[in-house]
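Contents: one structure, followed by commentary.
Only the coordinates and a few stated rules stand behind these numbers; no lab work does. Note that this is a predicted model, so its numbers are computed, not measured. Using ideal geometry, Cβ is built from the backbone for each residue, glycine included, and neighbour counts are taken over all protein chains shown.
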Amino acid sequence: MVNSTTVVYETKREILSYANKLSHGFGRVETKFIADMIYGIIASCSILLSDIADSLKEPINKKNTIDRLSQHLSKGVITGLYSNYTKTVQSLIPDAPVVLVDDTDIVKPCGRKFEGLGIVRDGSDPKNTCKKGYICTEMVVLSKASKQPVSLFSHIHSSHEKDYKSTNSITYQGIRQCVKTLAKRAVFVFDRGYDANELFIFMDKMQQDYIIRLTSRRKVFRKGKWLSVPTLAAALKGKFKTTVLFQGVEKECYVSHINAQITASKNPVRIVLVYGLSDQPMMLATNKMINSKDDVVSILRTYLSRWRIEEYFRLKKQVFGFEKFRVRGLKAVNSTNRFLTYAIAFLALIHAKPDTNVIKSKVIENARALKVKALFHYYRIAKGIAFIIREAKTGIRGWFKPVNPNPKQLRFRLRL
């Protein structure tokens, strides 16, 4: 055996200890279901109920296990579970949190019976064609030190579902939830798709910092004139040179910044112009104060950390096969997505442990990574844990003691 019985046991105990924190205050049935889902997803690296059932290794018909899990998922997200989750991952959240906001497509091209199945653009298709599917709005906070993404909001939605308002309403709902969870001023980072007047007004109302990449259509008010941002970028040049990590490579660029006003807001903003990273200058708008060159570089690097949420989406789809889910109801889909979120957060908690921790060192060892250093650590941790648990001959059923192992049932004796 590659792993000793002790390592397998300790890894199981670590997962179940985490699941017990999430299920604190729940009944026995919900506690068992939460543990089954968390352990099953981590052990199988899959969200398919058949794979989860295989990893649980229950001494019953596999179909019965799948039906049980499916029935629980169809009830929707368990009330109170998110509160326990945020308490559990609170130690990972820094004092000055950075929240990355983005959407991704969940493509189900052959789907017919899925509830509220809409039309989305397939980002993985070079032709960017439209296919059947859902939109997943995600908001992750970067953890302390290692800057690994930990999800605070994840919701799958479609314009075809009943009483659906808009994608913006889901985004605002997520921002409100993040603000309430963090209970402190954070920096929200948005890509070009979020460059909208309503968002600037909303972020000012929420009294949160933001960094938004601007589109070429954006106009700003400066020195008594309305000017397009590309016109300003063409008229200016980078004031100073700096080096940043861009697309995995250290690159030199030139940066400038100016004060201006956005069309929809009377509050002043700072426009950060970046030259040299691509053919066109990168244009960022922020309400953060700029008092020095270091502040400008910090804003630029904070925006460039967006790649971590894109890697987070890739992890969900490629490692855990999220687009392959088979549950059909939207409640079940979002419940499955929520359990995947909690499973990935467990990877963050393992990575946050010191390097001397036995479980962490064994997980990294069994991952057999090609590179010693990595910027995104979830791949190797997920692989390492799954490699260890596959040596287990039993699931987790034995970790839950029966309510009454020796029932005192009344017995009658027949006398002749």
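Here the residues ASP209, ASP163, ranked from fewest to most Cβ neighbours within 10 Å of their Cβ, fall in the order ASP163, ASP209. Cross-link check: pairs LYS144/LYS237; LYS108/LYS165; LYS62/LYS324; LYS12/LYS62 evaluated at a Cα-Cα cut-off of 31 Å; pairs beyond the cut-off: LYS144/LYS237.
Over the chain, DSSP H runs of length four or greater, each weighted -39,500 (n - 2.57), average out per residue to a 222 nm ellipticity of -12000 deg cm²/dmol. Using the Cβ-Cβ distance between LYS205 and ARG326 with R0 = 56 Å, the FRET efficiency computed as 1/(1 + (r/R0)^6) comes to roughly 0.85.
Taking GLY118, GLY224, GLY40 in turn, the Gaussian network model of the chain (Cα-Cα springs below 10 Å) assigns the largest fluctuation to GLY224. Relative to the longest principal axis of the Cα atoms of the chain, helix 62-73 runs at roughly 50 degrees.
Compute the acute angle (0 to 90°) between the alpha-carbon long axis of helix 358-367 and the principal axis of greatest extent of the alpha-carbon atoms of the chain; round to the nearest 10°. Between the helix axis and the principal axis of the chain, the angle is about 80 degrees.
Spin-label model, THR394/ARG176: points 7 Å from Cα along the beta carbon direction are separated by 4.8 nm. Just going by the charge dipole of the stretch 123-217, with Lys and Arg at +1 and Asp and Glu at -1 on Cβ, which of ALA145, GLN208, VAL189 is farthest out on the positive end? The residue sitting most towards the positive pole is ALA145.
Each of GLU115 and SER292 was given a label point 7 Å from its Cα along the Cα-to-Cβ line. The distance between the two points is 5.4 nm.
Set the Cα radius of gyration of the stretch 160-313 against 2.2 N^0.38 Å, with N its number of residues, and you get 1.08.
If you take the Cα centroid of the stretch 126-199 and the Cα centroid of the stretch 30-104, the two points sit 20 Å apart.
With axes computed from alpha carbons, what is the tilt in degrees of helix 28-44 against the longest principal axis of the chain, rounded to the nearest 10 within 0 to 90? Rounded to the nearest ten degrees, it is 70.
Among SER256, SER298, a tally of other beta-carbon atoms within 10 Å of each Cβ gives an order, fewest to most, of SER298, SER256. Taking a straight line from the alpha carbon of LYS180, these aspartates and glutamates sit under 18 Å away, with near neighbours fewer than eight places off in the same chain left out: ASP95, GLU138, ASP204, ASP209. Between ASN366, ASN128, ASN197, the Gaussian network model of the chain with springs among Cα atoms under 10 angstrom shows the greatest mean-square fluctuation at ASN128. The lysines within cross-link reach of LYS251, meaning a Cα-to-Cα straight distance under 16 Å and a gap of 8 or more places when in the same chain, are LYS241.
Relative contact order, whole percent, for the stretch 268-416 stands at 13, derived from Cα pairs under 8 Å and 6 or more residues apart. On full extension, the segment bounded by SER146 and TYR254 gains 36.2 nm, given 0.36 nm per residue less the C-alpha separation.
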